Amino acid sequence: MRFLIVEDHVGMADQLAKGFRERGYNAKFVGDGEEGLFEASEIDYTLAVIDLGLPGMSGLELIRKLRQAGNKVPIIVLTARNDVESIVQAMEAGADDYLKKPVYLEELFAHIDAVLRRVLGDPQLDNPVLEFGSLQLDRHKRVVTRGAEPVELTKAEYEILEHLWRNAGRVQSKKSIADSYQRDPGADPKANSVEGLVGRIKRKIDPDKSLLPIETVRGHGYLFRESP
Ligand code: CA
């Protein structure tokens, strides 16, 4: 999952960044509406959190522009303004939900989960455990097991595996996989390539090649099969 946060208040952005990091979510932060518009138009985000009071283009204008352009990214609005009018305008412009500042992280993530369930209709969000034969991935605990045995994965390996698994049955391009994890800045680029990482994931989750959950689709990318 990739989140876009449009927030100009540095302290607030830092607090949110910490929350997203702790949950292992990939989040891009920008400080004004124009950058937000550019980001949301260029990249397919899972959800955007948009502050209404922004320098230059306001959050409201940003939401209007996105929706006019046909962009359907789920949007949660943050507002410091205690006026009903701006909330109503944002919802009318196409926001899916709103939160008044001060924002408590637990509250924000509860709203994010609720919006994603409603907007995306993703049944996987109701059940945090994905299963494939004897393999299990618990998205809340961020743990992968095979039978009763834990499978040790690095953070990048876990993120790629979750991305492929959540999109089971749909081929994922190398580009979309590369966008789904954060590279370890210290690691050697070869060891950090999508091919290298997927190869290691396959060996770790299926050492005896009895399940074969991940297929290589030549010229396209990789596919996590829907069932064993
Ligand atoms: Ca602001």
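The values are calculated or read from the model by the stated rules, or taken from the named source; none is laboratory data. All figures in this text were calculated on a predicted structure; none of them were measured in a lab. Using ideal geometry, Cβ is built from the backbone for each residue, glycine included, and neighbour counts are taken over all protein chains shown.
Values as computed for the structure displayed
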{"item": "So residue 139, is it farther than 22 Å from residue 15 by Cα and at pLDDT below 90", "result": "yes"}
{"item": "Complete set of residues in segment 26-43 that are touching a residue at least 24 places away in the same chain (Cβ under 8 Å) and surrounded by fewer than 15 Cβ atoms within 10 Å (Cβ to Cβ)", "result": "41, 43"}
{"item": "Condition broken by residue 48, with the remaining ones in (1) among the small types (Gly, Ala, Ser); (2) over 18 Å from residue 113 (Cβ atoms); (3) buried (at least 19 other Cβ atoms within 10 Å of the Cβ) satisfied", "result": "(2)"}
{"item": "Segment 1-24 residues that are under 11 Å from residue 49 (Cβ atoms), paired with ones that are within 15 Å of the ligand (Cβ to nearest atom) and of a type in the set (Lys, Arg) (beta carbon under 8 Å, 6 or more apart)", "result": "12/101"}
{"item": "Single residue of segment 67-102 satisfying the filter (crowded, with 19+ Cβ neighbours inside 10 Å and of a type in the set (Val, Ile, Thr)) that is nearest to the ligand (Cβ to nearest atom)", "result": "79"}
{"item": "Filtered residues of segment 5-25 (kept if buried (at least 19 other Cβ atoms within 10 Å of the Cβ) and within 19 Å of residue 116 (Cβ to Cβ))", "result": "5, 6, 16, 20"}
{"item": "Positions within segment 6-56 being of a type in the set (Asp, Glu) and within 16 Å of the ligand (Cβ to nearest atom), in sequence order", "result": "7, 8, 14, 32, 34, 35, 51"}
{"item": "Residue selected from segment 103-124 under the condition buried (at least 17 other Cβ atoms within 10 Å of the Cβ) and closer than 18 Å to residue 163 by Cβ, by the criterion modelled with the highest pLDDT", "result": "112"}
